[in-house]
Every structure is written in C-alpha cells, then in structure tokens.
Amino acid sequence: MTKHPRKALIIGAGIAGPVTAILLKQAGIEAQVFEARPHSTGMGGGLQIAPNGMHVLAEAGVASELVRRGSVCQSIDFYSQSGAPLGSVNRNMAERFGQPAVSMRRAVLHEVLIDKAWSSSVELYFEKRLGRIEDRPDRPIVAHFTDGSSAEGDFLIGADGVHSAVREHVVPDGPKPFDTGLVGFGGFVPRALLEAAGAKPSLAMTFGQSGCFGYGYCSDERELSAMCWSTQPAHGIDAATFRAMDQAALRRHLRKYHADWHDPIPQLIDALEEIIVTATLDVATLPNWSRGRTLLIGDAAHATSPHAGQGASLALEDAFRLVCALRDEHEIRTAFQAFEHERRPRAERIVALARRNGNQKREFSRTGAWLRDRMIKVMMPFNARSWDWIYGYDARALSARPETSARRDRLAA
Ligand SMILES: Cc1cc2nc3c(=O)[nH]c(=O)nc-3n(C[C@H](O)[C@H](O)[C@H](O)COP(=O)(O)OP(=O)(O)OC[C@H]3O[C@@H](n4cnc5c(N)ncnc54)[C@H](O)[C@@H]3O)c2cc1C
C-alpha cells in the first residue's frame, strides 16, 4: 500500500479548487492552488448556489457569510413574454433541504473562498498557468507552468474549468468545449428598480418566443444588488463578436431583442451597469476523469451548460466527495476510481437535464411558444418536486466511513 498522500497540487482557483483545498486541509492533507488569472476582485456576473452546494459551503465554513452577503431566493417564478404568470417552483428550500438557495455575485463568492483558503493556510499562487504535467513512477508528480516555474506534489487535481488544460493530460485528444448556439448577456442593476416593480425575493424567469430573460436580487446592499440576464439563440453571431461591440451597441441589441417583453425588462436593460457577454459551452462526456495521479473535478470533468443552475453546486459536491474518497482510501488511483464511480451518474444526469432545459430557450413559432407556455403552466404543479433529487442531495450524508477521531489523528500525524 502507498503511504497516505500528503500534498495536493490543485490547478484552478475558481469554485472547486479553493473549496477542495480548504476541505483537504481540514483532513490533514496539504494543498497548493495555482490560478492562471491575476488576483482580482469584481469578476463575473451573478449566480445562484442551490441547497446541495450550500451544504458543502457550510462544511467549508463560509455558508453564513454568503447568506449574509448574498440574497436568499424564496422561489423561481415563471412568466410568459407578456408577463402572464406560469407558475412557481423551489419554495421553502431551507425548510425542505436544510439550506436555502442563495443568489450572489460571483465576485463575492470568489472573494469569500479565497479569503477562507488563505485563513486555512492554503498556499495560493496567482498568474500561474499550467502548461504540462509530468507523472513518472517513483517520483513526485510535477506541474509545469508557462512562466517556467514548477511545483511537486503527491497528486494533482484539475479544477481548471471548462477550458481545462489538465483535461488535455487526462484525455489527450479528447472532447473539446463546443458552443451550444446560445449567447448569454448579464449584469447588475440597482435593487430599487426591482423593488419599484414589486419583485419578491425570488428569481423571475420569462420565456419568450425566442430566448429567455431572468432577474432577481443577489445582495442585500443597496447599489447594484440585483442581477439580470438574457439568453438568446445566437443567430450566427457568436459571443466573441458580441464581446467586440461597445456597451452602447450591446444595450441597443438587448433593447431591440426584448422590445415587447413585459415590464420591468426594458427598464432593467436600460439600467444595466455593464453588460457581460458569455458563450454557452458544453463538453461531451469524457471516457475517464483520471489518469495516473491526476484527477479532474467540476467543469473540467463534466462541464455543463448553465440551464440547470447546477454547475457550481456539482463542483462543490465533487470537492467534498473527493476529500471523503481520499480519507477512505490510501491508494490514490483507487480513490480516484471510487470518486468517479460514485460521481459520474449524478453529474451526467444533471448535464443532460441542463441540455434539455436549454432547448426551451431556442426559437419557437408564435404557436409553438404559446403551446410551450400552456405546457409549463399545466405541468408546473406536477413538476414542482421533480428536482428534489438534485436539491435534496447532501454530500455530507454519504460518508461511507464516518470520520473517527482516531483516523483524523492518524491523518494529521
Ligand atoms: C453565464 C453562466 C451562468 C452560470 N450560472 C450558474 C448558477 O447560477 N449556478 C450554478 O451552480 N452554476 C452556474 N454556472 C456554472 C458555473 O459557473 C460553473 O459550473 C462553475 O464555475 C464550475 O466551477 P469550477 O471550479 O469547476 O470551474 P471555474 O469556476 O471555471 O474555475 C476554473 C478556474 O481555473 C482557472 N484556470 C483555467 N485554466 C487554467 C490553467 N491552465 N492554469 C491555472 N488555472 C487555470 C480559471 O481561470 C478559473 O479561475 C454558470 C455558468 C455560466 C457561464
């Protein structure tokens, strides 16, 4: 049997990376995190972490801070393009699942995770872009960075997202990210606008004849504490082309696209602070998530289009379950296989669901959109609980072998 691994190299300080490092530290395993970006604040738009992800954030010791700095979402309410209510789901999440769904700025999530990693004595390095990995028998595994530096460890975790460089090592010539043909536009607006429109502490989602528009609170601060986003079929113009446009042109595009959509959508577009454009990417199923002493987690392993609102929560679940697998199994490759065996069915089921949801945002005929809206309205009461298997998953409740103080002492020794 190999000695228990002592040191992890983690590539990527997005969501899965820092949380894995914090949890590894708690389990007595050293972790160094390497991030390609410079250390910065204010990155990205808004997102929502569902109860299944919040359980892991609680375990990492940051859930209450994120509840305080974000906005607890009481429901998701659906509307037609003209504003007719179609139904509501995801009520009473905290009561039903032990954690609420929390909307927040991505920048706040990153800031809280990085601060927690630092205060947990995780070593974090920014502007370190992974170039290649060297995994030779009887030697430490080596991460080589594009600036010529390198780092050694007992194993390496690829938490480097949809464009993963680690994936190239694990599955050489494997699937690449592909554009699903939907473009996302998002940003922040003052909460006063939503308050004036009588918006509840929920997410509002409007399905149009083509595309959808969503909005909701993402912070309890006064300024720019509501988020909104538009998802549209690309119509031959990709995200890069939109990104090259100036803000005024993007605003004109959004105004035209959503011209006859219900209030307060046009007003929200006018008030958007800065419009962020995102491509909607997906990656085909990988044949394997690990190779030798390297494992992929989060979007690097199972990138999902954002239409199930679960990519971050899946990444968080991965972080927790990986640390459980490493606690339970001393041999790295066996631990990686056990992790993949456990996680793959759930991740792939959610990725497939997100793909199906994306289809609701494509182009419909007028009659097709009317029929879809009727279907949503009629089916909503029956479907209200159909996502319980996603939200009701508590990664902590699955520990195959509960941690004993003797085992914890042995790992720390
Ligand atoms: C528009 C949009 C909205 C979304 N909304 C939601 C939502 O509401 N709820 C939800 O759960 N999910 C949402 N998602 C999905 C979610 O953002 C991802 O699933 C999640 O960020 C995955 O986390 P991760 O840690 O695996 O990867 P990431 O968060 O992408 O982090 C990867 C990190 O690795 C770094 N990196 C990349 N390459 C290298 C390299 N070579 N060397 C070093 N570092 C590298 C990157 O800079 C990045 O910081 C959304 C996605 C999009 C695009």
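Coordinate-derived values only; no laboratory data. On a predicted model such as this, the values are computed, not experimentally measured, just so you know. Please note: Cβ atoms are built from the backbone with ideal geometry, for glycine as well, and neighbour counts cover all protein chains shown.
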Original post:
Across segment 127-157, what is the total count of residues that are within 14 Å of the ligand (Cβ to nearest atom) and either aromatic (Phe, Trp, Tyr) or closer than 24 Å to GLU340 by Cα (or both)?
Top reply: 7
Subject >> Where a residue in segment 164-177 is free of Cβ contacts under 8 Å to residues at least 40 places away in the same chain and its partner, wherever it lies, is of a type in the set (S, T, N, Q), with Cβ under 9 Å and at least six apart >> reply: none
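Return yes or no: is LEU113 in a strand (DSSP E or B) and closer than 30 Å to SER71 by Cβ? Outline the logic, then answer.
On the way: in a strand (DSSP E or B): no; closer than 30 Å to SER71 by Cβ: yes.
When the stated conditions are applied, LEU113 does not pass them.
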Original post:
Within segment 91-102, is there a residue that is in a strand (DSSP E or B), touching a strand residue (DSSP E or B) at 6+ places or on another chain (Cβ under 8 Å) and buried (at least 20 other Cβ atoms within 10 Å of the Cβ)?
Top reply: yes
Subject >> Flag for ARG327 being farther than 30 Å from ARG291 by Cβ and over 22 Å from the mean Cα position of the chain (by Cα) >> reply: no
**OP:** Read through the list (1) closer than 19 Å to ALA21 by Cα; (2) within 9 Å of the ligand (Cβ to nearest atom); (3) outside any helix (DSSP H, G or I), then give the number of the only condition that LEU295 fails.
**Re:** (2)
**OP:** Sort out which residues of segment 283-292 are surrounded by 22 or more Cβ atoms within 10 Å (Cβ to Cβ) and part of a strand (DSSP E or B), and write them in order of number.
**Re:** SER290
Original post:
Do you know which residues across segment 258-276 are more than 20 Å from GLY216 (Cβ to Cβ) and either among the hydrophobic types (A, V, I, L, M, F, W, C) or crowded, with 18+ Cβ neighbours inside 10 Å (or both)?
Top reply: ALA259
**OP:** Select from segment 119-144 the residues that are touching a Phe, Trp or Tyr at 6+ places or on another chain (Cβ under 7 Å), in a strand (DSSP E or B) and more than 23 Å from LEU326 (Cβ to Cβ) and list them in ascending order.
**Re:** GLY131
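Could you say which residue among ALA319, ALA279 is under 15 Å from ALA159 (Cβ atoms) and either outside any helix (DSSP H, G or I) or within 14 Å of the ligand (Cβ to nearest atom) (or both)?
Working: ALA279 fails: under 15 Å from ALA159 (Cβ atoms).
Just one listed residue meets the conditions, ALA319.
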**OP:** Report, by residue number, each residue of segment 34-65 that is part of a strand (DSSP E or B) and either more than 23 Å from LYS7 (Cβ to Cβ) or more than 9 Å from the ligand (Cβ to nearest atom) (or both).
**Re:** GLY46, LEU47, GLN48, ILE49
**OP:** Among the numbered conditions (1) under 28 Å from GLU363 (Cβ atoms); (2) away from the ligand (no atom under 15 Å from the Cβ); (3) among the small types (Gly, Ala, Ser), tell me where GLY198 comes up short.
**Re:** (1)
Original post:
Taking the condition over 22 Å from LYS176 (Cβ atoms) and within 13 Å of the ligand (Cβ to nearest atom), does ILE269 pass?
Top reply: no
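Test of understanding: among ARG366, ARG372, ARG293, ARG362, which residue is among the basic types (Lys, Arg), closer than 18 Å to CYS212 by Cα, touching a residue at least 60 places away in the same chain (Cβ under 8 Å) and touching a Phe, Trp or Tyr at 6+ places or on another chain (Cβ under 8 Å)?
Values: ARG366 fails: touching a Phe, Trp or Tyr at 6+ places or on another chain (Cβ under 8 Å); ARG293 fails: closer than 18 Å to CYS212 by Cα; ARG362 fails: touching a Phe, Trp or Tyr at 6+ places or on another chain (Cβ under 8 Å).
Matching residue, one of ARG366, ARG372, ARG293, ARG362: ARG372.
Does VAL183 count as within 16 Å of the ligand (Cβ to nearest atom), surrounded by fewer than 21 Cβ atoms within 10 Å (Cβ to Cβ) and closer than 25 Å to VAL108 by Cα? Spell out how you get there, then give the answer.
Values: within 16 Å of the ligand (Cβ to nearest atom): yes; surrounded by fewer than 21 Cβ atoms within 10 Å (Cβ to Cβ): no; closer than 25 Å to VAL108 by Cα: yes.
Answer is no for this residue.
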Original post:
Could you list, in sequence order, the residues of segment 168-201 that are under 19 Å from the mean Cα position of the chain (by Cα) and not aromatic (Phe, Trp, Tyr)?
Top reply: LYS176, PRO177, ASP179, THR180, LEU182, VAL183, GLY184, GLY186, GLY187
**OP:** Go through (1) within 15 Å of the ligand (Cβ to nearest atom); (2) farther than 22 Å from HIS169 by Cα one by one and return the number of the condition GLU329 breaks.
**Re:** (1)
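I'm trying to understand the selection: among the residues of segment 66-79, which are of a type outside the set (A, V, I, L, M, F, W, C) and assigned to a strand (DSSP E or B)? So that I can check it myself, show each step before the final result.
Initial filter on segment 66-79 (of a type outside the set (A, V, I, L, M, F, W, C)): 68-71, 74-75, 77, 79.
SER71, ASP77, TYR79, listed by residue number.
Of the residues SER164, SER88, SER80, which single one is near the ligand (Cβ under 10 Å from one of its atoms) and either surrounded by 15 or more Cβ atoms within 10 Å (Cβ to Cβ) or of a type in the set (Asp, Glu) (or both)? Walk me through how you get there before you give the answer.
Values: SER88 fails: near the ligand (Cβ under 10 Å from one of its atoms); SER80 fails: near the ligand (Cβ under 10 Å from one of its atoms).
Being near the ligand (Cβ under 10 Å from one of its atoms) and either surrounded by 15 or more Cβ atoms within 10 Å (Cβ to Cβ) or of a type in the set (Asp, Glu) (or both) holds for just one of SER164, SER88, SER80, which is SER164.
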